[in-house]
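Visitor: The following block contains the structure, expressed as structure tokens.
Any read-out appearing in this document is the output of simple, stated calculations on the displayed coordinates, not a laboratory observation. Since we're looking at a predicted model, the values are computed, not measured.
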Amino acid sequence: MTASPKYLVERFYHQVWNKADEGVAREILAPDFRFRGSLGQEKKGPDGFIEYMRSVHQALGDYQCIIDDLVESPDRAAARMTFTGVHKDVFFGVPATGRQITWAGAAFFTVEAGCISDLWVLGDLDSLKSQLI
């Protein structure tokens with residue numbers, strides 16, 4: 001039985017993002033995975049995504065992705081998200097402030113052959129940047 005989009009999205013956020021589990025990332029992301037992150041960067045493949053994930057975790061301590069709402073169809077899913085972390089390193093060119101920052105986002109997933117093949121995330125960058133100054 002193939003994993004549902006909901007199951008894959010929950011694993012993606014709970015295990016991959018929130019626990020920085022690179023092994024699970026390699027398991028559930030398609031080899032040709034296409035990613036556009038909430039911070040505006042585009043990456044390809046699991047390795048490209050993992051590089052992005054590492055950079056976010058370096059800048060934001062205790063980084064968490066919270067699924068506020070999730071809907072799915074047989075090969076797609078969409079999630080309303082809250083992203084949060086402690087600003088502990090340079091982020092958007094701003095040195096660490098030690099403050100908790102939180103912003104909203106939306107994520108749109110495509111699933112093929114039991115893996116996440118495409119992810120496009122839109123984040124409220126104005127809100128995020130206003131918390132850094």
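Visitor: For a quick check: with amide H placed at 1.01 Å from N, whose amide H comes under 5 Å from D118's, ignoring anything fewer than 5 positions away on the same chain?
Guide: R34, T110
Visitor: Using the Karplus curve 6.51 cos²θ - 1.76 cosθ + 1.60 with θ = phi - 60°, what ³J(HN,Hα) values do you get for each residue of region 44-54, in whole Hz, with x for Gly and Pro?
Guide: 10, x, x, 5, x, 5, 4, 4, 4, 4, 4
Visitor: Another question, then. What is region 16-68's relative contact order, in percent, from Cα pairs under 8 angstrom and six or more apart in sequence?
Guide: 36
Visitor: For Cα pairs less than 8 Å apart in space and 6+ apart in sequence, what is the mean separation divided by the residue count of region 5-132, i.e. the relative contact order in percent?
Guide: Dividing the mean separation by the residue count of region 5-132 yields 26 percent.
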